[in-house]
Structure formats: C-alpha cells, structure tokens
Amino acid sequence: MLTLILADAELELVPEQICNHPQVRASAERRGKSPSKILLDATLHHIAQRRLSQGRRRGRPDIAHAFLLLCLDSIVNQYHKLRTLIHTRNNELIEVAPETRIPRNYNRFVGLMEQLFEENAVPVTADKPLLVLHRNKSLKNCLSVVNADKIIIFSSTGKPISLSEYFRSLHYTEVSELVCIIGGFPEGEFISPVTKLADEIISIHGSELKVWTVVSEILVNYRNALLIKDPKN
Ligand SMILES: C[S@@+](CC[C@H](N)C(=O)[O-])C[C@H]1O[C@@H](n2cnc3c(N)ncnc32)[C@H](O)[C@@H]1O
C-alpha cells in the first residue's frame, strides 16, 4: 500500500488578519459569502496576502486540487493500493476516501473545500463521509494513522535517485506500507520538521519540479513496480 501525503499544503480559509482587506471583501462579495468563509487564493488575494507571514507562498488551493485529481483517478487507486491524505500549513488533516470524485472544475472544488472547512466532513450527514477534516494534527500525528514500514520525503535537495529503481528495490526488501511525503507549497521549504520524521529524503530530478510532476512520477513508477509482483502480469 502506498500512502501519499501532501504536507504543509497551502490550503486555508482567509486568515482573520486580512478579512477586511478590500481585495478579500470584494472577492467574498462576488460570491455572496463572508470573507472568513472563503479560501485564501493567491490569484485573487495576492495584494492582501503580502500582510501575512510567508504571504508569497500561501493561498494555493490549486495545488491540492491537482494532487487530488491525480491521486484519485490513478491506476494505483483503482487497484485499491493508494491512501490519499492532505496535511495543511495550519495542522489540519484531510482524509480522502478512495472512491471520492473530486470536481474537475476549480470553482466547484473551492466550494467543496469551503464546505469541508465549515462542516468538518462532506457529506456531513453520511455515516462514512468521503472527506473528513481533523484539526490539530501535526504531520507527526498524521503519520500515526498509517503503520508505515518506510517514510520518504521528496525534496529537490534530497539524495539523488532513480525513482523506478528505488521503488523496485523497496519491493525486494518487502516494504509493504510505504509513505511518500510531498510539499504542498509552491516555493520555500517544509514548515514541519520533516527531517526528524523521515527514513530518507530523496530527489528524483536535478532541478526543482512542480508538485503535480512529482506526484505523477510517484504514481506511475509505483504502479510499474507493483506490476512486477502482480501475478496477472
Ligand atoms: C515546488 S516544490 C517546493 C520547493 C522546494 N524548495 C523544493 O525544491 O523541494 C514542491 C514539492 O515538490 C517536491 N519536489 C520538487 N522538486 C523535486 C525534486 N527534484 N525531487 C523530489 N521532490 C521534488 C517536494 O516534495 C517539494 O516540497
């Protein structure tokens, strides 16, 4: 089983500190919502965000959107071999059921996330909601929901490896519960103390890549490594 965690993801509601900023008020008004109930989005709030600490990297729900589309539509997920989790910069954990169908339309995705932040689960009335938001979950706490054999952090400054060879070698060493952690932010470093949590920090390419490129590489290479052990192939 592969667990993919998008960590320190830049996914949050507009912080109170900038709720009164004209740029935030205007975008909330257009949607008929209260400023404190809309997602922070750098495309709409880039000027307001300058008032926040680390404002340049914040407000990137699009990264979480791309991550979820890639994971949930992947062949590894169809094989029931993928667990998908998002850990946010504010230490929330979002558990995503494998059968969840994430809206392809970005605006609908934003609405879904706003509903999740408000109600903590979607659908809120279901016995087993598709999306559940837990608060006060550090990345370390998130890892405790998985009984990991190995925890790998992906970073452009990690040890250079060939991902296909790396995943194949893990199969031979009987790693069955593998956790891969990818940063859910556009620039800078992890906020969480990842070096303390990881067994290994690896780099899959000689330069910094976009999150969706790294996630695609992981999903395809993991699937190919799985096929080696699949008796049907
Ligand atoms: C846009 S990067 C964040 C910038 C960060 N300074 C970096 O280079 O890793 C977002 C995430 O993609 C992953 N990533 C980017 N380039 C990578 C690489 N060459 N090898 C492995 N992971 C990479 C990391 O998990 C990183 O946190």
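Of all residues in the range 47-67, how many are in a helix (DSSP H, G or I) and out of contact with any helix residue (DSSP H, G or I) (no Cβ under 8 Å at 6 or more places or on another chain)? Step through it out loud before you land on a result.
At the first step, the residues of the range 47-67 found to be in a helix (DSSP H, G or I) are 47-49, 55-57, 61-67.
Subsequent filtering for residues that are out of contact with any helix residue (DSSP H, G or I) (no Cβ under 8 Å at 6 or more places or on another chain) retains 57.
Final tally of qualifying residues: 1.
Listed here are the residues, each with its yes/no results for (1) touching a Gly at 6+ places or on another chain (Cβ under 8 Å); (2) more than 16 Å from the ligand (Cβ to nearest atom); (3) modelled with pLDDT of 95 or more; (4) part of a loop (DSSP other than H, G, I, E, B).
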| site | (1), (2), (3), (4) |
| --- | --- |
| T125 | no, yes, no, yes |
| K137 | no, yes, yes, yes |
| C142 | no, no, yes, no |
| S176 | no, yes, no, yes |
| I182 | no, no, yes, no |
| G206 | no, no, yes, yes |
| V214 | no, no, yes, no |
| V220 | no, no, yes, no |
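List the pairs whose first member sits in the range 5-19 and is closer than 17 Å to I47 by Cα and of a type in the set (A, V, I, L, M, F, W, C), whose second member is assigned to a strand (DSSP E or B) and more than 10 Å from the ligand (Cβ to nearest atom), and whose Cβ atoms are under 8 Å apart, counting only residues at least 6 apart or on separate chains?
Matching pairs, first to second residue: L13/L39; V14/L39.
Residues in the range 160-168: is at least one more than 15 Å from the ligand (Cβ to nearest atom) and either open to solvent by less than 30 Å² (accessible area, probe 1.4 Å) or closer than 22 Å to F67 by Cα (or both)?
No - not one qualifying residue is present in the range 160-168.
Cβ-Cβ under 9 Å, sequence separation 6+ or interchain: first residue in the range 59-82 and in contact (Cβ under 8 Å) with a residue 12 or more places away in the chain and small (G, A, S), partner assigned to a strand (DSSP E or B) and buried (at least 19 other Cβ atoms within 10 Å of the Cβ). Which pairs?
These pairs meet every condition: G59/L39; A64/L6; A64/A9; A64/I86; A64/T88; A64/I94; S74/L82.
The values are calculated or read from the model by the stated rules, or taken from the named source; none is laboratory data. Just so we're clear, the structure is a prediction, and the values are computed from it rather than from any experiment. Note: ideal-geometry Cβ built from the backbone for every residue, glycine included; neighbour counts use all protein chains shown. With ligands, DNA and RNA removed, areas are computed over all heavy atoms of the protein, side chains included. Shrake-Rupley method; radii C 1.70, N 1.55, O 1.52, S 1.80 Å.
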